[in-house]
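K.L.:
Okay, handing you the structure first.
All of the numbers you see were taken from the coordinates with simple rules; none came from a lab. Note that the coordinates shown come from a computational prediction; the quantities given were computed from them, not determined experimentally. Cβ placement follows ideal geometry from the backbone for every residue including glycine, while neighbour counts extend to all protein chains displayed.
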Amino acid sequence: AQSVTQLGSHVSVSEGALVLLRCNYSSSVPPYLFWYVQYPNQGLQLLLKYTTGATLVKGINGFEAEFKKSETSFHLTKPSAHMSDAAEYFCAVSRYNQGGKLIFGQGTELSVKP
Amino acid sequence: EAGVTQSPTHLIKTRGQQATLRCSPISGHTSVYWYQQALGLGLQFLLWYDEGEERNRGNFPPRFSGRQFPNYSSELNVNALELEDSALYLCASSPEEGYTDTQYFGPGTRLTVL
C-alpha cells in the first residue's frame with residue numbers, strides 16, 4: 001500500500017535559516033506529490049505540487065521541492081525562514097489507483113525562533 | 001473566486017446524536033472529498049463524490065455517510081456519534097475526477113462530541 005513518511009514531527013529553525021522538511025513515499029510507480037500547509041485553526045493550503053516534467057518545483061511563499069525518483073523523496077525547502085512560516089506542513093501523494101484520495105504524511109510542525 | 005466553504009465552523013453534539021456538515025465547492029468543481037483530521041490520527045480520507053455519485057469511501061463505519069447535490073455541494077452525516085468522532089472535518093474540491101487534479105480545501109468544521 002502507498003505510504004508517506006515525513007521525518008520529524010517537529011522542526012525548529014531560527015528566523016533567516018534554511019527550512020528543510022523531509023518527505024519520502026513508497027511506490028514503485030512515481031505518484032503525484034503535494035505539499036500543503038495548515039495554519040492554526042485553518043484548512044489546508046496548497047504550497048506546490050509535482051506531476052510530471054521538471055523535478056524542481058517552485059511554490060508559493062518562497063518554498064520549493066525537488067522530486068528525486070531514485071531516493072523516493074520530495075523534500076520541501078525554503079532558503080530563509082520567516083516567522084509567518086510557523087505552521088504544520090503535510091506531504092501527500094496521489095496515484096491513479098487510489099480512488100481519488102490523497103494519502104497524507106503525519107505532518108511536520110515548523111517552529112521559527114526570532 | 002470564492003474558495004471551498006464549510007458550515008458550521010463549530011458543532012457540539014452529545015454521544016448518540018447525529019451531525020450534519022455541509023460543504024460548497026469552488027464554482028466549476030464537480031468532485032468533493034471529505035477528510036477527518038483527528039488528534040493523533042492525522043488526515044484520513046472519508047468519502048469522494050463526483051457528479052452526484054459516491055466514488056470511493058475510506059475505512060470508516062457505515063454511520064459515516066453523505067451525498068452530493070445537483071449543484072455539487074455536499075453533506076456529510078455522522079450518525080450515532082461517538083466520543084472518538086471529535087475531529088476537524090475537512091472538505092476539498094477539484095475540477096474533475098482524477099488523481100492528477102489538485103484538491104482545494106475548505107477551512108473545516110470542528111466537531112466536538114461530549
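K.L.:
Using a Förster distance of 45 angstrom, determine the FRET efficiency expected from the C-beta separation of A:ASN97 and A:SER14, and round it to 0.05.
P.N.:
The pair A:ASN97/A:SER14 has a calculated efficiency of 0.60.
K.L.:
Here is a further query. Based on the alpha-carbon gyration tensor of the protein assembly as shown and its eigenvalue square roots a ≥ b ≥ c, which shape applies: rounded if a/c is under 1.5, prolate if not and a/b is larger than b/c, or oblate?
P.N.:
Since a/c reaches 1.5 and a/b is larger than b/c, the shape of the protein assembly as shown is classed as prolate.
K.L.:
If you don't mind, another one. Treat each spin label as a single point 7 Å out from the Cα along the C-beta direction, and report the A:LYS68 to B:ARG15 distance in nm.
P.N.:
Here the answer is 4.9 nm between the modelled labels.
K.L.:
Within a Cβ distance under 11 Å of A:SER111, other residues only, what is the Lys/Arg minus Asp/Glu net charge?
P.N.:
That sum, taken over residues with Cβ under 11 Å, equals -3.
K.L.:
Only residues of the stretch B:24-40 count here: report those whose backbone N is under 18 Å from the spot 7 Å along Cα→Cβ of B:SER86, or say none.
P.N.:
B:36-40, by backbone N distance to the label point.
K.L.:
Also: Taking R0 as 22 Å, what's the FRET efficiency between A:SER3 and B:ALA38 from their Cβ-Cβ distance, rounded to 0.05?
P.N.:
0.75
K.L.:
What does the structure give for B:33-41 when I average, per residue, the other chain Cβ atoms found within 10 Å of the residue Cβ?
P.N.:
What the average comes to for B:33-41 is 2.
K.L.:
While we're looking at this one, here's another question. Around B:SER73, under 11 Å between beta carbons, what's the net of Lys plus Arg minus Asp minus Glu among the other residues?
P.N.:
Neighbour charge sum, excluding B:SER73 itself: +1.
K.L.:
Mind counting lysine pairs for me in the protein assembly as shown? Cα separation below 30 Å, and the two need to be 8 or more apart along the chain or on different chains.
P.N.:
19
K.L.:
Would you mind ranking B:LYS13, A:LYS49, A:LYS69 by Cβ crowding within 10 Å, fewest neighbours first?
P.N.:
Ranked by crowding around the Cβ, least crowded first: A:LYS69, B:LYS13, A:LYS49.
K.L.:
Sort A:THR51, A:THR108 so that the residue with the fewest other Cβ atoms within 10 Å of its own Cβ comes first and the one with the most comes last.
P.N.:
If I rank by nearby Cβ atoms, fewest first, I get A:THR51, A:THR108.
K.L.:
Using a 10 Å cut-off around each Cβ, can you sort B:TYR33, A:TYR89 from fewest to most neighbouring Cβ atoms?
P.N.:
With the fewest neighbours first, B:TYR33, A:TYR89 line up as A:TYR89, B:TYR33.
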